[in-house]
Structures are given as structure tokens and as C-alpha cells.
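What follows is calculated from the coordinates using simple rules that are stated; it is not laboratory data. This structure is a prediction, so every number in the text was calculated from the model and none was measured.
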Amino acid sequence: MKKIIILGAGTAGTIMLNKLRKALPRDEWDITIIDQHKTHYYQPGFLFIPFGIYNREDVIKAKADFFPSGVNVIFDETDRILPKENSILMQDGTVHKYDYLIIATGTQTRPEETPGLKDKLWYKEIFDFYTLEGALALQNFIKRWEGGHLVMNIAEVPYKCPVAPLEFVFLADDYFTKIGIRDKVKISYVTPMSGAFTKPRATKMLSGLLEEKNIEVIPDFYLEGVDNDKKVIRSYDGREIAFDLLTIVPVNMGSEIIERSGMGDDLFFVPTNKYTLRSEQHENVFVLGDAANIPTSKAGSVAHFAADILFENLMSVIDGREMHAKFDGHANCYIETGGGKGSLIDFNYETEPLSGTFPLPGIGPFGLLKNTRMNHYGKVMFRWIYWHILLKGKEMPIDPLMSMAGKCKNC
Amino acid sequence: METKNIAGNSVSFTEDGYMSDMNEWNEDIAKELAKEENIELGDLHWKLLNFLREKHAAGVSLTIRSVGKSSIVDIKGFYGLFPGGPLKLATKIAGLPKPASCV
């Protein structure tokens, strides 16, 4: 029996598990998935929780509901990977051997990396919305808030789902308008990047929307720490911004398992070939999703597209052939813009988000870089697609590689 | 793409003002590029420029945090050497592409 281990049962690991079990004969291949947590979170839904649109029950299901039959499931804590011994060492001392390993350990928020962030105002006036606890605590706060300065800050790049903080301020503008206190709320978007987004055409479109909604953008602000007594955030170049409510994207880092294994870069993401998705160090190790250091968005859509490429290449390696599939960094993101509208961006390593239309057989087309109602429905519909099609590794009517169909280069 | 004459070298630049080929770089060019940003290059500057060039050549994506862990300077020191946008300025002077931040 040959053995494949998938480390991590989030979006990436679960998709891969389903694909592999379907493709590989059960009498030849033993497939194991390892994760310490039993709950699967629909993370795109966290964004809607602060505004009471979604609640806890809308975003959680049992991980095991999405596993195929005929696989080994281990819900336990991993100590480290021992790549030279082709083994996983568990915290209780058990060792699991593999012929091939797929790392899908994701990224985590690390608020403790920023001095003063996880201090006396944490979950009182400072919140993240990248954890269910944070999103729910923020919902509780916003319900009672009577206004002031809302500061949305990104502590470090890269971070998971790059459009989420933008969507958050759009939804906040919409929410405070609806409850009639928008004139008492000042909203600032404070980012270490040089603008609201980094790709020129998307920045132009999004900056326009931010201006229209009276949301101030403060660029090039690299967070050094939070002063809980003065209620200010401070940058390395000495600027201070006072807040009444601070919503933050904490520093993102790879898993502690990667850290302990000594397999990560300085943020504990695994050095990975951006085309083949194989580890740069170990020939029988592949990396899927946010755990990889590849230069594209850390997002479920990327993990989903990359899964097709990783699958092809793993099959080639198993058969002793050259790897021929090449990932292009394809990402596809709906952006909620408030007021029941949304935008859509589709891009890869080489091509920035362009305008035009995005054809989706049977449902689309969706407007690219346009603010439409249809795009909002796309986002709403996506939750169903996620649970029922995407996680189970079923065919989706979207190519893993980005297509230029419908896109417009010069408009 | 634009070609400029800098310190006797013909150097090509991308539309955002960064050198398009890191191999065209030399120390004289760096000094001129630094002058345009009102920076005079000292020992620590040179150490950082070489560190960034080595990391980039090895395919590592550059971040302010990784410079802070480089044991050359801490992040505050990096800001002191290249005031304003340290990574943007340092990569520009080091002849590297504009750092690809988040997408």
C-alpha cells in the first residue's frame, strides 16, 4: 500500500482529499487527512457576521461531513513534519509515514505579533473578523455603538482574502447609513500598501467607490503598535491615528506546525514552486492553498484552482512522468460593495484585474470591475456552491487557468 | 519602458520608475538613484541593498518584516535609513522591481 497524507482539512485539504480518493484505487492507495479541529468554517461568511447578516450557525459545519468514504481521518494535534524521514510526528508521539505529503495548513492571524494589540481593549474596542469569536464580539459591539471613528487597519501583508477589509468598510458604510448614524461615524481605511489595492485598474475603480462613500484612505501606514491608553495606532515612522473602534487584520503567518518543522520562510509560509506547486525542498511534498508562499491571493478560490493543477502534477510524479501542469496564480473574488451590490475581479500572476464581463455558463455573465446587483447575488449564491460543489471537489464551470474571454484590456 | 543615461550607463526603467533589469545595476547607478531620493548611501545602506539583491535573486519576496529580521537593522532603523517608504525606496535604489505587495 502506498500512502498519501494531507495535512490540514480546511478548504484546500478537503478539496484535495475528495479529488484523490476518487482518482486513486483503494486497494493501492491509503489516504489520510490530519487536522486538530473538527469544525469547518465557511470563512467568506465571517464578513457578514458583524452586521448581523449571518450568525454562527450560517458558517459552521462538521469537517467530517465533507470527507469521502474510504479515507483515514485523524483529528489530533500534529507536532511537526519530518521531511527527511517522510513522516509526521504527532504531539502524542505517534508517527505516520507517507510516500507523498500535501501540506494544506493554511494561514493564521497572530495578533500577539503586534505590541499592544491583544491587550485590555481586545474584543472590547478592538476586533478582528477573521475568527468566528472576533466577528461575533464585533457584532455585539456594533449593535450598541453610537458612533465615532472607525479605523480599519491592515497590520501586514500578505493576509488572507485581500478584499475582505475593503468589503468590511463598504458594508459598514451601508449598515450605519441604514440605521441612521452614518453622519456620526467617520470611517478610515489604513493600509501598509500604497493604495486601497495594488493593481492599477482595480485601485482606480475601488478608490472611486471609497471616495463616493466618504471613506478616507491612509496609505503607507506600517503598524508598529497600539497604545491602549491613548487609543491610537502608531506606525514605524511615528504617525498616530486615534480610534474609537479599531477593526484589524492582524499579522498573518503560516501554521506553527510549519514553524516547528523548520520548513517555512520568515512568515512560516512554505517555499513552493509557483507553477508546479511542489515544495522547493522536497520532491514528494506539495503545498496547496494559503500555506504556500506563492505570489497570489491567499483565498479559497486560489486553493480551488490550484487543486486541479496540483492533482495533475501529483499524478505525473506518481507515474514517473515530468510535471506538465502549470499554475498561473488564478484568483477570482466577489467584492461586496454595500447596498446589495457587488463587484468581481478575476486575475493571475501576470494579468491584473481587467474590466469586461465574466462568462459563467448557465448563470452569468457577471460584470468585471463593475458595481452591480448581479455580482452581489453571485456572492450570496457562492455559499451554497461552496458547501455542495467546491469542497467535494466536483466539477465547476470555471477553468482553473484564467481566461481572457470577455475581458477588455484597453477600456 | 524608458531608457536613461545614469552615471555613464544606459539603464532601462519600467513605467513606475524601477529598473527593469537588476543586472544593469552597479554602485555608481545606485548612488545616482539615491541622490534623486535625497539619500546619501552609508555602510548600512549598502549592506541592506546587497541583502535585498541577494534575497530577490534567490526568489524570496521582500517584506519590511524580513528586513527587520535580517540582523542588519530593525524596522525602525530601516525607516531611518530610507525615510517614508523604506522598502519601496530601497528596492528602487537596489535596481530591483517594485515590491509586489498583496493581491
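Values as computed for the structure displayed
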{"quantity": "Relative frequency of Cα-Cα separations exceeding 32 Å in the protein assembly as shown, percent", "calculated": "45"}
{"quantity": "Set of aspartates and glutamates near A:Lys326 by C-alpha distance (under 17 Å), chain-local residues within fewer than 8 positions excluded", "calculated": "A:Glu280, A:Glu283, A:Asp308, A:Glu312, A:Glu350, A:Asp399"}
{"quantity": "Alpha-carbon Debye profile of the stretch A:214-273, log10 I(q)/I(0) at 0.17 Å⁻¹", "calculated": "-0.74"}
{"quantity": "Debye intensity ratio I(q)/I(0), log10, the stretch A:1-158, q values 0.12, 0.17, 0.20, 0.21 Å⁻¹ (C-alpha model)", "calculated": "-0.67, -1.03, -1.23, -1.29"}
{"quantity": "Candidate lysines for bridging to A:Lys97, where Cα separation is under 25 Å - those fewer than 8 sequence places away on the same chain excluded", "calculated": "A:Lys2, A:Lys3, A:Lys19, A:Lys22, A:Lys38, A:Lys63, A:Lys84"}
{"quantity": "Nonlocal amide H pairs with A:Arg80, under 5 Å, H built at 1.01 Å", "calculated": "A:Leu89"}
{"quantity": "Folded to 0 to 90 degrees: helix A:300-318 orientation relative to chain A principal axis, Cα", "calculated": "20"}
{"quantity": "For chain B, radius of gyration divided by Kirkwood radius, i.e. Rg to Rh on alpha-carbons", "calculated": "0.94"}
{"quantity": "Nearest-ten-degree value, helix A:11-23 long axis tilted from longest Cα axis of chain A", "calculated": "30"}
{"quantity": "Cα-based helix-to-principal-axis angle, B:27-36 vs chain B, degrees rounded to 10", "calculated": "80"}
{"quantity": "Karplus-derived HN-Hα couplings along the stretch A:98-105 (A = 6.51, B = -1.76, C = 1.60, θ = phi - 60°), whole Hz, x at Gly and Pro", "calculated": "9, 8, 10, 10, 10, 8, 9, 8"}
{"quantity": "Dimensionless Rg over Rh [the stretch A:80-170; C-alpha; Kirkwood]", "calculated": "1.14"}
{"quantity": "5 Å binning of all Cα-Cα separations within the stretch A:315-411, expressed as whole percents from 0 upward", "calculated": "3, 12, 19, 21, 19, 12, 6, 5, 2, 1, 0"}
{"quantity": "Under 26 Å from the Cα of B:Lys31 - lysines, other chains or at least 8 residues apart", "calculated": "B:Lys4, B:Lys47, B:Lys55, B:Lys69, B:Lys76, B:Lys88, B:Lys92, B:Lys98"}
